[in-house]
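Here is the structure we will look at, set down as structure tokens.
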Amino acid sequence: MIPERSDHYPFRAIETKWQRVWEETGLFRVREEPGRPKFYCLEMFPYPSGRIHMGHVRNYAIGDAVTRYKRMRGYNVLHPMGWDAFGLPAENAAIENGVHPAVWTYENIETMKSQMKALGISYDWDREVATCDPEYYRWEQLIFVRMFERGLAYRKSARVNWCPGCQTVLANEQVEAGRCWRCDSEVVPREIEGWYFKITAYAEELLEWCDRLTGWPERVLTMQRNWIGRSEGAEFDLPVAGRPGLAVRVFTTRPDTSFGMTYVVLAPEHPLVDQLVDADERAGVAAFRAEVARQSEIERLATDRPKRGLRLRAQAVNPFTGATVPLYLADYVLMGYGTGAIMAVPGEDQRDWDFAVAHGLPIIETVRRPEGWSGEAYTGDGVKINSGFLDGLTVAQAKRRAIDWLVAQGIGEAKVNYRLRDWGISRQRYWGAPIPIVYCPRCGTVPERPENLPVVLPEDVQITGKGGSPLADVPAFVNAPCPRCGGPGRRETDTMDTFVESSWYFLRFCSPRHQGGLAEPGAVHYWMPVDQYTGGIEHAILHLLYARFYTKVLRDLGYFKLDEPFRNLFTQGMVIKDGAKMSKSKGNVVSPDDFIATYGADTGRVFELFMAPPEKDLEWSDQGVEGAFRFLNRVWRFFQAHRADVADAPPRPATLSPAGRAFRRTVHETVRRVTTDIEEFRFNTAISALHELVNAMHAFAAESLDRTPGGERASLLGEAIEVLVLLLAPFAPHLAEELWAQLGHAESVFRATWPSADPGALEREAVQVVVQVDGRVRTRLLVPPEIEDEHLRREALADAKVRPWLAAREVDRVVVVPGRLVNIVTRGAERAG
Ligand SMILES: [Zn+2]
Ligand SMILES: [Zn+2]
């Protein structure tokens with residue numbers, strides 16, 4: 001251990017002392033108190049990967065500042081912490097080091113918990129949960145059974161994203177630029193059977209609520225809206241030429257462009273293809289399909305690569321024109337979106353344009369281009385041209401008219417489509433919650449009986465990381481009686497995506513030991529929704545969308561009356577060092593343990609909250625750390641130097657000296673600033689206001705020594721010191737708690753009341769404003785310093801000494817210099833003067 005620096009305040013003794021007192025007195029333990037306002041403050045719970053890093057510290061310091069502040073504002077604050085404990089790293093560690101994932105996970109939890117305690121974060125540790133605990137995931141399995149009964153959990157075979165590194169399926173949300181979100185391997189497509197949650201059934205509601213989540217960052221909502229990807233358009237039939245009864249159904253967001261259709265594309269997997277092709281075309285189709293199957297969805301949709309296509313002999317008829325157009329198979333059309341077939345309009349769609357150019361197909365413009373247009377496909381608004389009965393209309397008018405026409409013809413209708421796909425939750429790995437399903441030769445797919453839950457993950461398992469789920473090799477697990485007929489059955493060996501656990505943990509925190517269900521409804525009713533949720537922007541479409549979906553599912557299953565889980569969301573920036581995110585591989589990690597030993601936890605918190613606005617990335621700076629440390633030492637020394645002066649300070653005199661009035665105004669302005677800054681997540685400027693307050697205290701203490709009456713000096717310094725300790729408490733809780741005790745308070749500073757600014761102290765004397773007419777001084781006004789410009793303007797124009805000078809003139813403009821000057825300029829004055 002690094003020896004404590006002797007020239008500084010005894011942070012180590014202070015921090016260990018108060019951490020022990022907080023734990024022994026159960027200061028942060030809370031329970032429901034009906035009638036008392038509640039506040040649920042939550043930071044995204046971590047994956048127990050080993051040790052916490054300074055990025056975590058930033059997240060927790062923000063949440064803890066809010067928590068402690070809200071406590072002092074009188075709220076009953078729930079601030080829990082737990083572990084997102086299932087997942088692949090545990091399994092990979094098992095393969096590499098031969099240690100069981102459970103052992104590895106629980107050891108990491110112990111380490112990280114002790115690190116959090118050394119930071120003094122105000123968690124109610126009685127509520128700690130680990131998602132790998134059967135007492136946790138049994139409820140997840142029960143929810144799965146209920147979802148299965150409602151058709152919200154179902155099994156299907158589909159082309160999925162397969163990570164060769166993790167040897168498992170990934171959800172679309174877990175693929176970033178074609179790579180695995182976790183191990184960065186290139187993701188490959190694979191046809192595989194698996195379990196899905198029907199999140200698409202909630203697409204519309206998830207989207208609608210985006211407009212009502214006023215406490216969320218707009219950036220996150222935009223990402224969610226784009227991910228859900230609602231598009232309005234039309235679906236209609238294109239007859240296949242010469243094949244009565246056969247039609248290709250297409251979806252388009254631009255029915256107004258139908259007259260510009262020059263070809264039609266089917267997804268290679270489209271089931272109609274086999275009926276459309278002649279015997280001699282089959283080999284070519286099979287080869288093309290095989291080629292496309294080697295690409296992932298992401299590659300197929302990429303705009304910067306050539307679009308491959310195969311022309312079929314069959315042709316389609318454009319119902320708008322009666323013209324026949326060629327039919328293609330092409331990789332850029334996906335079976336999962338719309339109908340798996342599109343009408344191609346190269347004039348108004350860039351991907352169609354690229355394909356048409358590559359394959360020598362005609363291009364028809366159906367919207368008049370703006371003057372000087374020189375691009376390729378044109379997607380903007382304009383007047384319809386080359387479009388028969390739609391000519392002369394705007395795009396919006398033509399869309400409606402085209403849909404009306406399709407409906408009248410009986411071949412189509414308006415249609416809404418979503419980009420969102422159902423959430424694939426099957427993972428072919430060991431360290432996850434078992435899916436509670438048994439396959440019975442007689443009854444089929446049967447959910448486990450609720451009274452048989454949890455289906456416990458067996459511990460004695462060989463983990464190799466190869467060849468599917470290791471659970472398949474555990475006969476005691478696989479061979480299970482059918483829950484319906486009792487006959488021999490086979491248990492599902494896939495486990496659930498770990499994002500399922502994090503979709504409801506905030507509910508479990510409301511009553512973490514509840515035995516009768518996933519959470520006690522009264523506790524959920526009291527604590528939910530989470531009032532302040534804080535975490536990284538990287539969860540914008542994964543966790544944050546899943547948690548919203550899951551909450552709505554639980555509502556519809558009748559568990560809770562709750563539409564949305566998180567009222568306010570804050571996404572903090574990263575902590576970077578030498579220009580890169582801190583990571584073991586880059587060797588730029590600052591260990592919180594070493595940091596705490598050298599500077600103490602309070603310095604770490606103050607540094608991370610002070611150095612950058614919390615939503616921005618924070619560049620690590622050793623000078624910044626030293627600066628935060630110096631600040632806390634300065635507070636300590638000032639306090640020790642003046643504690644005796646202000647002990648038993650007399651009451652404040654009724655009238656103060658000018659210096660005393662100015663000082664007291666600074667103190668109360670600081671109260672006002674720090675309060676609004678915390679409310680608005682500007683911790684950096686709040687701490688900066690505290691720096692200024694300490695400067696003002698130094699100055700006042702020095703200059704008032706001989707000029708201010710003794711009683712006034714002691715009483716004002718005493719008030720200032722008390723205010724400073726209270727305002728410092730959310731940021732440097734250990735130091736503030738120690739100073740509060742030294743001031744003689746028996747109760748914790750976190751049971752004290754947050755100070756409020758005294759309006760009397762904030763008042764300033766009136767300021768004198770000069771009023772000129774055409775540059776000549778006509779009067780002087782005494783006004784409050786915070787007077788608004790408009791108000792000041794009106795007062796100047798109405799003044800009795802000013803009005804005669806305006807009698808025969810017309811006012812041209814009034815120039816206001818706040819706090820100093822109003823100049824009234826009359827028409828023609830400049831020329832005349
Ligand atoms: Zn991977
Ligand atoms: Zn059966």
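The values are calculated or read from the model by the stated rules, or taken from the named source; none is laboratory data. Here the structure is a predicted model, which is why all the values come from computation and not from measurement. Backbone-built Cβ (ideal geometry, glycine too); neighbour counts: all protein chains shown.
For region 197-213, enumerate the residues that are aliphatic (A, V, I, L, M), within 20 Å of the chain's Cα centre (by Cα) and part of a helix (DSSP H, G or I). Please lay out each step first, then the result.
Step one: list which residues in region 197-213 are aliphatic (A, V, I, L, M), which gives 199, 201, 203, 206-207, 213.
Next, only the ones that are within 20 Å of the chain's Cα centre (by Cα) stay: 199, 203, 206-207, 213.
Within region 197-213, Ile199, Ala203, Leu206, Leu207 meet the criteria.
For the condition in a strand (DSSP E or B) and either without any contact (Cβ under 8 Å) to a residue 24 or more places away in the chain or out of contact with any helix residue (DSSP H, G or I) (no Cβ under 9 Å at 6 or more places or on another chain) (or both), what is the one hit in Val250, Val265?
Numbers: Val265 fails: either without any contact (Cβ under 8 Å) to a residue 24 or more places away in the chain or out of contact with any helix residue (DSSP H, G or I) (no Cβ under 9 Å at 6 or more places or on another chain) (or both).
Unique residue meeting the criteria: Val250.
Scan region 739-753 and give yes if some residue there is surrounded by fewer than 15 Cβ atoms within 10 Å (Cβ to Cβ), outside any helix (DSSP H, G or I), at positive phi and modelled with pLDDT under 95, otherwise no. Give the steps one after another, and end with the answer.
Our first condition is that a residue be surrounded by fewer than 15 Cβ atoms within 10 Å (Cβ to Cβ); within region 739-753, this holds for 742, 744, 746-747, 751, 753.
Next, only the ones that are outside any helix (DSSP H, G or I) stay: 744, 746-747, 753.
Now drop any that are not at positive phi, which leaves 744.
So of that shortlist, the ones also modelled with pLDDT under 95 come out as 744.
Yes, because at least one residue in region 739-753 is surrounded by fewer than 15 Cβ atoms within 10 Å (Cβ to Cβ), outside any helix (DSSP H, G or I), at positive phi and modelled with pLDDT under 95.
Pick from Val407, Val446: which is without any contact (Cβ under 8 Å) to a residue 60 or more places away in the chain, farther than 26 Å from Tyr337 by Cβ and either away from ligand 1 (no atom under 16 Å from the Cβ) or among the hydrophobic types (A, V, I, L, M, F, W, C) (or both)?
Values: Val407 fails: farther than 26 Å from Tyr337 by Cβ.
Unique residue meeting the criteria: Val446.
Go through (1) away from ligand 2 (no atom under 16 Å from the Cβ); (2) over 18 Å from Met81 (Cα atoms); (3) touching a Lys or Arg at 6+ places or on another chain (Cβ under 7 Å) and name the single condition Glu538 misses.
Glu538 satisfies every listed condition except (3).
So the check is Cβ under 6 Å with 6+ separation or different chains; which pairs have a first residue in region 385-399 that's farther than 14 Å from Ala234 by Cα and a second one that's basic (Lys, Arg) and crowded, with 19+ Cβ neighbours inside 10 Å?
Leu390/Lys384; Asp391/Lys384; Leu393/Lys384
So Gly432 passes all but one of these: (1) under 20 Å from Val169 (Cβ atoms); (2) away from ligand 2 (no atom under 16 Å from the Cβ); (3) outside any helix (DSSP H, G or I); (4) more than 25 Å from the chain's Cα centre (by Cα). Which condition number does it fail?
(4)
Among Val325, Val357, which is the only one that is of a type in the set (Val, Ile, Thr) and buried (at least 20 other Cβ atoms within 10 Å of the Cβ)? Before the answer, list the steps.
Working: Val357 fails: buried (at least 20 other Cβ atoms within 10 Å of the Cβ).
That would be Val325, the only listed residue that is of a type in the set (Val, Ile, Thr) and buried (at least 20 other Cβ atoms within 10 Å of the Cβ).
For region 76-83, does any single residue satisfy the condition of being buried (at least 23 other Cβ atoms within 10 Å of the Cβ) and at pLDDT below 95?
no
May I ask you to list the residues in region 142-167 that are more than 16 Å from ligand 1 (Cβ to nearest atom) and either modelled with pLDDT under 95 or within 22 Å of the chain's Cα centre (by Cα) (or both)?
Start the filter on region 142-167 by keeping residues that are more than 16 Å from ligand 1 (Cβ to nearest atom), which leaves 142-159.
Answer for region 142-167, where residues must be more than 16 Å from ligand 1 (Cβ to nearest atom) and either modelled with pLDDT under 95 or within 22 Å of the chain's Cα centre (by Cα) (or both): Lys156, Ser157, Ala158, Arg159.
Write out, first by first residue and then by second, each pair whose Cβ atoms fall under 8 Å of each other, whose residues are 6+ apart or on separate chains, and whose first residue, in region 225-238, is in contact (Cβ under 8 Å) with a residue 24 or more places away in the chain and outside any strand (DSSP E or B) while the second is buried (at least 19 other Cβ atoms within 10 Å of the Cβ) and not hydrophobic (A, V, I, L, M, F, W, C).
Here the result reads Trp227/Glu173, each pair linking region 225-238 to a residue that is buried (at least 19 other Cβ atoms within 10 Å of the Cβ) and not hydrophobic (A, V, I, L, M, F, W, C).
Okay, residues lined up against (1) in a loop (DSSP other than H, G, I, E, B); (2) free of Cβ contacts under 8 Å to residues at least 60 places away in the same chain; (3) aliphatic (A, V, I, L, M):
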position	(1), (2), (3)
Lys586	yes, yes, no
Lys616	yes, yes, no
Pro653	yes, no, no
Ala659	no, yes, yes
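Please work out which one of (1) within 11 Å of ligand 1 (Cβ to nearest atom); (2) more than 20 Å from Ile541 (Cα to Cα) is the condition Leu170 fails and give its number.
All conditions are met except number (2).
From His525, His514, grab the single residue that is free of Cβ contacts under 8 Å to residues at least 40 places away in the same chain, over 30 Å from Met223 (Cβ atoms) and either polar (S, T, N, Q) or part of a helix (DSSP H, G or I) (or both). Show your work before the answer.
Numbers: His514 fails: either polar (S, T, N, Q) or part of a helix (DSSP H, G or I) (or both).
Only one candidate passes the filter, namely His525.
Listed residues Phe509, Phe499; which is within 16 Å of ligand 1 (Cβ to nearest atom) and under 30 Å from Lys561 (Cβ atoms)? I'd like the intermediate steps shown before the answer.
Numbers: Phe509 fails: within 16 Å of ligand 1 (Cβ to nearest atom).
Step by step, each of Phe509, Phe499 is checked, and only Phe499 is within 16 Å of ligand 1 (Cβ to nearest atom) and under 30 Å from Lys561 (Cβ atoms).
Tyr439 - would you say it is surrounded by fewer than 21 Cβ atoms within 10 Å (Cβ to Cβ), within 16 Å of ligand 2 (Cβ to nearest atom) and among the aromatic types (Phe, Trp, Tyr)?
On the way: surrounded by fewer than 21 Cβ atoms within 10 Å (Cβ to Cβ): yes; within 16 Å of ligand 2 (Cβ to nearest atom): yes; among the aromatic types (Phe, Trp, Tyr): yes.
Answer is yes for this residue.
Do we find a residue being touching a residue at least 40 places away in the same chain (Cβ under 8 Å), under 24 Å from Ile228 (Cα atoms), crowded, with 20+ Cβ neighbours inside 10 Å and within 16 Å of ligand 2 (Cβ to nearest atom) anywhere in region 154-166? Break it down stepwise before answering.
We begin by selecting, within region 154-166, every residue touching a residue at least 40 places away in the same chain (Cβ under 8 Å); these are 154-156, 158-161, 166.
Now narrow it down to the ones that are under 24 Å from Ile228 (Cα atoms): 154-156, 158-161.
Filter once more, keeping what is crowded, with 20+ Cβ neighbours inside 10 Å: 160-161.
Subset that is within 16 Å of ligand 2 (Cβ to nearest atom): none.
Looking for residues that are touching a residue at least 40 places away in the same chain (Cβ under 8 Å), under 24 Å from Ile228 (Cα atoms), crowded, with 20+ Cβ neighbours inside 10 Å and within 16 Å of ligand 2 (Cβ to nearest atom), one finds none in region 154-166, hence no.
Is it fair to say Pro483 is in contact with a Pro (Cβ under 8 Å, 6 or more places away or on another chain), in a loop (DSSP other than H, G, I, E, B) and farther than 20 Å from Phe86 by Cβ? If you could, list the steps in order and put the result at the bottom.
Values: in contact with a Pro (Cβ under 8 Å, 6 or more places away or on another chain): yes; in a loop (DSSP other than H, G, I, E, B): yes; farther than 20 Å from Phe86 by Cβ: yes.
When the stated conditions are applied, Pro483 passes them.
Please find, among Phe560, Phe549, the residue that is buried (at least 20 other Cβ atoms within 10 Å of the Cβ) and either touching a residue at least 12 places away in the same chain (Cβ under 8 Å) or in contact with a Lys or Arg (Cβ under 9 Å, 6 or more places away or on another chain) (or both). Let's see the steps before the verdict.
Working: Phe560 fails: buried (at least 20 other Cβ atoms within 10 Å of the Cβ).
Within the list Phe560, Phe549, the selection yields Phe549.
Specify the residue that is surrounded by the most Cβ atoms within 10 Å (Cβ to Cβ); the eligible residues are those in region 442-475 that are within 16 Å of ligand 2 (Cβ to nearest atom) and part of a loop (DSSP other than H, G, I, E, B). Don't jump to the end; show me each part of the working.
Step one: filter region 442-475 for residues within 16 Å of ligand 2 (Cβ to nearest atom), giving 442-449, 452.
Going one step further and asking which of them are part of a loop (DSSP other than H, G, I, E, B), we end up with 442-443, 448-449.
Working: Arg442: 11, Cys443: 15, Glu448: 23, Arg449: 12.
Residue satisfying both the conditions and the ranking: Glu448.
May I ask you to list pairs of residues, at least six apart or on different chains, whose Cβ atoms are under 8 Å apart, with the first in region 181-200 being farther than 22 Å from Val500 by Cα and the second being among the β-branched types (Val, Ile, Thr) and more than 16 Å from ligand 2 (Cβ to nearest atom)?
Close Cβ pairs (under 8 Å, with a partner that is among the β-branched types (Val, Ile, Thr) and more than 16 Å from ligand 2 (Cβ to nearest atom)) amount to Pro189/Val160; Arg190/Val160; Arg190/Val169; Glu191/Val160.
Taking Phe148 as the residue in question, decide whether it is in contact (Cβ under 8 Å) with a residue 60 or more places away in the chain, within 16 Å of ligand 2 (Cβ to nearest atom), surrounded by 16 or more Cβ atoms within 10 Å (Cβ to Cβ) and part of a helix (DSSP H, G or I).
yes
Please find, among Arg794, Arg780, the residue that is out of contact with any Cys (no Cβ under 9 Å at 6 or more places or on another chain) and assigned to a strand (DSSP E or B). Walk me through how you get there before you give the answer.
Numbers: Arg794 fails: assigned to a strand (DSSP E or B).
Step by step, each of Arg794, Arg780 is checked, and only Arg780 is out of contact with any Cys (no Cβ under 9 Å at 6 or more places or on another chain) and assigned to a strand (DSSP E or B).
Filter region 483-497 down to the residues that are within 16 Å of ligand 2 (Cβ to nearest atom) and either buried (at least 19 other Cβ atoms within 10 Å of the Cβ) or farther than 14 Å from Arg449 by Cα (or both) and list them by number. First the steps, then the outcome.
First pass over region 483-497, keeping only residues within 16 Å of ligand 2 (Cβ to nearest atom): 483-492.
Listed by number, the residues that qualify are Pro483, Gly487, Pro488, Gly489, Arg490, Arg491, Glu492.
Suppose we keep only residues that are in contact with a Gly (Cβ under 8 Å, 6 or more places away or on another chain) and either modelled with pLDDT of 95 or more or part of a strand (DSSP E or B) (or both) within region 171-196. Which one would you say is farthest from Glu149 (Cα to Cα)?
For region 171-196, the residue satisfying everything is Glu186.
Would you pick out the residues in region 392-421 that are assigned to a loop (DSSP other than H, G, I, E, B), closer than 21 Å to Asn226 by Cβ and either in contact with a strand residue (DSSP E or B) (Cβ under 9 Å, 6 or more places away or on another chain) or not hydrophobic (A, V, I, L, M, F, W, C) (or both)?
The first filter runs over region 392-421 and keeps only residues assigned to a loop (DSSP other than H, G, I, E, B), leaving 392-394, 410-411, 418-421.
Within this subset, residues satisfying the condition of being closer than 21 Å to Asn226 by Cβ are 418-421.
Result: Tyr418, Arg419, Arg421.
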